[in-house]
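Worksheet: the structure to be examined is printed underneath.
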Amino acid sequence: MENHISIGKAVKYLGVSINTLRVWEKKKILVPERTPTSHHRYKMSQVESFEGKKYSRIQNTVFPYARISTQK
């Protein structure tokens, strides 16, 4: 059986808020399994692979910079 982690541990591992995880769940980006008592449990392998995807998206992003000056 695969290791599962709680929502609190997933938040700490990914460095995001619980609200972010809930938004991702609604968008079907990172979906947890539910225990019989409705607790969120994330597969550790899914969280680890998601973390890699998150950082690779950041590395491939271009952040434009513009400076506007005024004549005085």
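The values are calculated or read from the model by the stated rules, or taken from the named source; none is laboratory data. Note that the coordinates shown come from a computational prediction; the quantities given were computed from them, not determined experimentally. Ideal geometry is used to build each Cβ from the backbone, glycine not excepted, and the neighbour counts take in all protein chains shown. Quick note on the areas: whole protein, heavy atoms, side chains included, nothing else; ligands and nucleic acids left out. Shrake-Rupley method; radii C 1.70, N 1.55, O 1.52, S 1.80 Å.
Here is how the numbers come out for the structure above:
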read-out	value
Selected residue [open to solvent by less than 90 Å² (accessible area, probe 1.4 Å), modelled with pLDDT under 85 and either touching a Ser or Thr at 6+ places or on another chain (Cβ under 7 Å) or in a loop (DSSP other than H, G, I, E, B) (or both)] from Thr61, Thr70	Thr61
Test: residue in the stretch 29-40 that is at pLDDT 75 or above and farther than 19 Å from Asn3 by Cα	yes
Residues (closer than 18 Å to Lys43 by Cβ and open to solvent by 90 Å² or more (accessible area, probe 1.4 Å)) located in the stretch 14-26	Arg22
Any hit, the stretch 16-24, residues being of a type outside the set (Lys, Arg), assigned to a loop (DSSP other than H, G, I, E, B) and at pLDDT 85 or above	yes
